[in-house]
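The structure appears right after this line, and notes come after that.
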Amino acid sequence: MTSQEIRQKFLDYFKSKDHLIVPSAPIVLKDDPTLMFSNSGMTQFKDFFLGYKTPTAPRIADTQKCLRVSGKHNDLDDVGRDTYHHTMFEMLGNWSFGDYFKKDAIAFAWELLTEVYGIPKENLYVTIFEGDASENLERDQDAYDYWKALISEDRIINGNKKDNFWEMGASGPCGPCSEIHVDLRSEEEKAKVSGLDLVNNDHPQVVEIWNLVFMQYNRKADGTLENLPAKHIDTGMGFERLCMALQGKSSNYDTDVFTPIIAKVEELSGKKYSGILEDEKDIAIRVVVDHIRAVSFAIADGQLPSNGGAGYVIRRILRRGISYSYRFLGMQEPFLYKLVAVLQEQMGKFFPELEKQGKLVSEVIKSEEESFLKTIETGLIRVEKLIQQTIANNAKVLPSEEVFELYDTYGFPDDLTRIIAEEKGLTIDEKGFEAEMEKQKLRSKADSAQKVYDWVVLEDKDVNFVGYDQIEAETTISKYRKVENKDGEFYQVVLSNSPFYPEGGGQVGDKGTLENATESFEVLETKKENGLIISLINGLPKDASAVFYAKVNAVERKNSQANHSVTHLLHEALRDVLGTHVEQKGSYVGPDYLRFDFSHFSKMTEEELALVEEKVNAKIKESIALQEFRSIPIQEALDKGAMALFGEKYGDNVRMIQFGSSKELCGGTHVKNTSEIGHFKIVSESSAAAGIRRIEAISGDKSEEYFKNLEKQIVELSQLLKSKDVVKSIEKLLDENASLKSEVESLKKEKAKGEIGDWKNSYEQKGNKQLLVKRTSLDAGSVKDLVFQLKKEIPTSVTVILSDADGKPMITVGVSDDLAASYQAGAIVKDLAKEIQGGGGGNPGFATAGGKNLDGLENAYQKALTL
């Protein structure tokens, strides 16, 4: 049975059990502050479990893309070293929202595994929650009773809270669970050791295959448990492990989920995969084929590698893959990007985003590879210098601060530094390195430290967002909670009627005020969390149950929505000018400016930018009225021609914004007519990432302000130049400047000629060499030319020139070729540079160093005389 058939059988089975089959949600989360990535199948249904949203159907099934590389669920360090851990994996799951519970969930799982897939019943074990006295949780007797009707009681194992009480994070929905484990060992091995002793003991062939979670609690911020409004079922079956079991393999990597990618790696690297756990080559291949999946899906869903947040995690995964391929597969040129095509062919049918975004994914990965391979090369040079310094100091341990700097500042993997050091008979200060890592974590934690208290519920009612139609509203506080961070004490409030737009879709959240007859509070920001619109205010009302008046900052809202509407016009114009391959890849819409990222593979020309600007401004002048379809079925919107963005999770009903031929799915606020935008001006166009261009622009008041400032600058230039023809006057100044520069260069050369004659006659014989030590005010370029000339003309010579041009200390050292075995210019300049608090380098024949301490030149001069 192929992996595609296995996946399809799962979906078909649950469809026959009246489950709605839904597509996978994006792997990157944008509306949940507690998680960066979907780390389980239930993530996209979290709002259903919490009661914030009504489920689309009481029974749902799907296959969900998941990523476990950060936080509580982190499998990154295990990947490659065993046969079954992965960063990105598929989670097959079925859900019940207040419909069936334990009995049916257990019956469905057993029937599918044993009857549909045909796994022998004697190869299966199940676990149940044994209870936990510290939380006053009893043993899951119901699950035990349901299981014993299907499987012998000696195959039902009690599990502790760690293994059999499932929690998505530090807070949120949770509950006891029942795991199903499969024993894939040979009959001979089974006869030697009972599978009962191997369950949950990290045996590579006795593995958990399915987890049935009986979701009935919510973990609050203070750690306590409360009952959910209704009981739910959340199951997750590891697709890769299921394929291993059904295809009779002993490793996930031996299944056809991975073998096509492994075959491509073998072809490109010339290395053969043997599947040996301890073999570094095989570990590297497993790392590469796992990581390419994680990175490709993340990029396809809109998350580009970057230096922060989720983007940093993706970059780290990719760099880990590059590092392993460089070290153990000998791949010193980009090659991971060539694996994307294999992944597309293999998974594109079930995950169309890979097909649609394939070129972009390949380009981004290739660019990251090229960049990091240069980092590796640069890092190797730095590591070599560090090793030489350590050896010169008669030490055996590389200092932790230096190793950490290589890792943190230059992105050079610490394990690669460790391996290189060991080859030289050295080690790194492991404890010191870990201490540096901990310091960094504490700094990061301190920067983002925030204590969030539990909600205080005043009234249990749905939030009504009225911000599309009005920017002021009478309202009450439904719930509030205290928040403490480095800036002080604040309160998050959920309003029954909220005119405040929550940050989303690139648009910043509204600010404003919340007031009544006696009190007024500033609304500092508005965000959305788990479906709730949350506004942050700078205090707690004396009477939180009072009636308030919520007012949005009208000026900022007006400018923000103008910028948001113009991004839609910009998107359409870019597709008209550059082609339909252009798709939005990110945006920022604020009151001051807009930023728009889009897929395109070359820098835009001035003509293209001018044409885009012209098209957008033409639409503005047309005074096109907004057509808003506030809640229509998503398919109807797509049929009308609306653009949907990959990486966004849309509901069954969506909002469509239309300005003439521009039609997009969007939840943001917009102008009622394009004429309200005023004028559009592109400020800059640049690269945001490989295959991604970025436009920054302004509109409305800011655009008007831009042209006023431009006009003012031209007037001031005209007055300064005493000319109405500013361009002609500046051209004249540039010509005069070029002429003066030429004269200066000629004077420098004349001065240098005068110096060199004196210098040639100033060498003194010291031991086996002729030594010249001179101070000068010549510039660095002139000194370099002279030193090169002298080291060629004066045999057995060492030349040291100390200069102070432009008030900056500089030391230049030249060694004639016939003294190369005795003197090293780089070593000499490095020693002298200590006196000027500087550093530098070069080759054995020529080296330079700059510094900070001009007064130190005299000490360096005296030191040089002793050479």
Looking only at the stretch 501-523, decide whether some residue is touching an Asp or Glu at 6+ places or on another chain (Cβ under 9 Å), among the small types (Gly, Ala, Ser) and surrounded by fewer than 20 Cβ atoms within 10 Å (Cβ to Cβ).
yes
When residues of the stretch 141-171 are limited to those that are in contact with a strand residue (DSSP E or B) (Cβ under 6 Å, 6 or more places away or on another chain) and closer than 23 Å to Gly51 by Cβ, the one modelled with the lowest pLDDT
Ser171
Quick count over the stretch 1-58, residues being buried (at least 20 other Cβ atoms within 10 Å of the Cβ), among the polar types (S, T, N, Q), under 23 Å from Gly505 (Cα atoms) and touching an Asp or Glu at 6+ places or on another chain (Cβ under 7 Å), is 1
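Tell me which residues, restricted to the stretch 146-197, are over 20 Å from Tyr217 (Cβ atoms), acidic (Asp, Glu) and without any contact (Cβ under 8 Å) to a residue 40 or more places away in the chain. Lay out the reasoning, then the answer.
Of all residues in the stretch 146-197, those over 20 Å from Tyr217 (Cβ atoms) come to 147-157, 180-197.
With the extra rule that they be acidic (Asp, Glu), the set shrinks to 153-154, 183, 187-189, 197.
Selection gives Glu153, Glu187, Glu188, Glu189, Asp197.
Name the residue, out of Glu363, Glu384, that is under 18 Å from the mean Cα position of the chain (by Cα) and not aromatic (Phe, Trp, Tyr).
Numbers: Glu384 fails: under 18 Å from the mean Cα position of the chain (by Cα).
So the residue among Glu363, Glu384 that is under 18 Å from the mean Cα position of the chain (by Cα) and not aromatic (Phe, Trp, Tyr) is Glu363.
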With the structure loaded, tell me whether Phe680 is surrounded by 19 or more Cβ atoms within 10 Å (Cβ to Cβ), over 21 Å from Glu608 (Cβ atoms) and touching a helix residue (DSSP H, G or I) at 6+ places or on another chain (Cβ under 9 Å) or whether it fails that test.
no
Of residues in the stretch 599-616 being under 26 Å from Gln357 (Cβ atoms) and of a type in the set (D, E, K, R), the one surrounded by the most Cβ atoms within 10 Å (Cβ to Cβ):
Lys615
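Can you go through Leu137, Leu92 and tell me which one is of a type outside the set (D, E, K, R), within 23 Å of Asp202 (Cβ to Cβ) and either within 36 Å of the chain's Cα centre (by Cα) or in the same structural domain as Trp210 (by TED's automatic domain parsing) (or both)? Break it down into steps so the answer makes sense when it comes.
Details: Leu137 fails: within 23 Å of Asp202 (Cβ to Cβ).
Checking each option against the conditions leaves just Leu92.
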Qualifying positions in the stretch 194-224 - of a type in the set (A, V, I, L, M, F, W, C) and buried (at least 16 other Cβ atoms within 10 Å of the Cβ):
Leu198, Val199, Val206, Val207, Ile209, Trp210, Leu212, Val213, Phe214, Met215
Read through the list (1) surrounded by fewer than 23 Cβ atoms within 10 Å (Cβ to Cβ); (2) under 26 Å from the mean Cα position of the chain (by Cα), then give the number of the only condition that Glu280 fails.
(2)
May I ask you to say which residue of Gln344, Gln332 is in contact with a helix residue (DSSP H, G or I) (Cβ under 7 Å, 6 or more places away or on another chain) and assigned to a loop (DSSP other than H, G, I, E, B)?
Gln332
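On the given criteria, is Ser684 under 25 Å from the mean Cα position of the chain (by Cα) and either modelled with pLDDT of 95 or more or not β-branched (Val, Ile, Thr) (or both)?
Details: under 25 Å from the mean Cα position of the chain (by Cα): yes; either modelled with pLDDT of 95 or more or not β-branched (Val, Ile, Thr) (or both): yes.
Yes; evaluated as a whole, the condition is true for this residue.
Sort through Asp62, Asp12, Asp82 and tell me the only one that's over 21 Å from Tyr253 (Cα atoms), modelled with pLDDT of 75 or more and in contact with a Pro (Cβ under 8 Å, 6 or more places away or on another chain). Write out each step before concluding.
On the way: Asp12 fails: in contact with a Pro (Cβ under 8 Å, 6 or more places away or on another chain); Asp82 fails: over 21 Å from Tyr253 (Cα atoms).
Within the list Asp62, Asp12, Asp82, the selection yields Asp62.
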In the stretch 112-144, residues that are out of contact with any Asp or Glu (no Cβ under 6 Å at 6 or more places or on another chain), in contact (Cβ under 8 Å) with a residue 24 or more places away in the chain, assigned to a helix (DSSP H, G or I) and closer than 18 Å to His181 by Cβ total 4
Subset of the stretch 158-185 [under 24 Å from Trp110 (Cβ atoms) and assigned to a loop (DSSP other than H, G, I, E, B)]:
Asn160, Leu184, Arg185
I'm checking my understanding of the structure. Among residues of the stretch 431-456 that are surrounded by 12 or more Cβ atoms within 10 Å (Cβ to Cβ), of a type outside the set (Phe, Trp, Tyr) and at pLDDT 85 or above, which one is nearest to Val493 (Cα to Cα)?
Val456
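Looking at the stretch 213-240 only, could you name the residues that are over 31 Å from the mean Cα position of the chain (by Cα) and in a strand (DSSP E or B)?
Step one: list which residues in the stretch 213-240 are over 31 Å from the mean Cα position of the chain (by Cα), which gives 214, 216-217, 224-233.
Passing the criteria: Phe214, Gln216, Tyr217, Leu225, Glu226, Asn227, Leu228, Pro229, Ala230, Lys231, His232, Ile233.
Conditions (1) at pLDDT 90 or above; (2) more than 24 Å from Ala298 (Cα to Cα); (3) under 20 Å from the mean Cα position of the chain (by Cα), marked per residue:
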{"position": "Arg7", "(1), (2), (3)": "yes, no, no"}
{"position": "Leu29", "(1), (2), (3)": "no, no, yes"}
{"position": "Leu35", "(1), (2), (3)": "no, no, yes"}
{"position": "Thr56", "(1), (2), (3)": "no, yes, no"}
{"position": "His73", "(1), (2), (3)": "no, no, yes"}
Asp62, sole failed condition from (1) farther than 19 Å from Ile209 by Cα; (2) outside any loop (DSSP other than H, G, I, E, B):
(1)
When you look at Asp282, is it over 18 Å from Cys66 (Cβ atoms), in contact with a Ser or Thr (Cβ under 7 Å, 6 or more places away or on another chain) and among the charged types (D, E, K, R), yes or no?
yes
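Of the residues Ile632, Ile657, Ile620, which single one is in contact with a Phe, Trp or Tyr (Cβ under 7 Å, 6 or more places away or on another chain) and either buried (at least 16 other Cβ atoms within 10 Å of the Cβ) or more than 19 Å from Val589 (Cα to Cα) (or both)?
Details: Ile632 fails: in contact with a Phe, Trp or Tyr (Cβ under 7 Å, 6 or more places away or on another chain); Ile657 fails: in contact with a Phe, Trp or Tyr (Cβ under 7 Å, 6 or more places away or on another chain).
Result of the check over Ile632, Ile657, Ile620: Ile620.
Somewhere in the stretch 326-334, is a residue of a type in the set (Ser, Thr, Tyr) and within 21 Å of the chain's Cα centre (by Cα)? First the steps, then the outcome.
Within the stretch 326-334, the first condition is being of a type in the set (Ser, Thr, Tyr), and the residues that meet it are 326.
Checking the rest, the ones that are also within 21 Å of the chain's Cα centre (by Cα) come to none.
No, the conditions are met nowhere in the stretch 326-334.
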Of all strands (runs of 3 or more DSSP E) fully inside the stretch 771-854, the set with 1 or more residues that are touching a Cys at 6+ places or on another chain (Cβ under 9 Å) is none
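Tell me, please, whether a residue that is among the aromatic types (Phe, Trp, Tyr) and part of a strand (DSSP E or B) can be found in the stretch 145-157.
Checking the stretch 145-157: not a single residue is among the aromatic types (Phe, Trp, Tyr) and part of a strand (DSSP E or B).
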Could you go through the stretch 530-551 and let me know if any residue there is part of a loop (DSSP other than H, G, I, E, B) and free of Cβ contacts under 8 Å to residues at least 40 places away in the same chain.
yes
Quick one: in the stretch 762-785, of everything that is over 18 Å from Gln862 (Cβ atoms) and in contact with an Asp or Glu (Cβ under 8 Å, 6 or more places away or on another chain), which residue is modelled with the highest pLDDT?
Gln770
Considering each of Val577, Val555 in turn, give the residue that is over 28 Å from the mean Cα position of the chain (by Cα) and either assigned to a loop (DSSP other than H, G, I, E, B) or closer than 23 Å to Gly660 by Cα (or both).
Val577
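The values are calculated or read from the model by the stated rules, or taken from the named source; none is laboratory data. None of these values were measured; they are calculated from a predicted model. Using ideal geometry, Cβ is built from the backbone for each residue, glycine included, and neighbour counts are taken over all protein chains shown.
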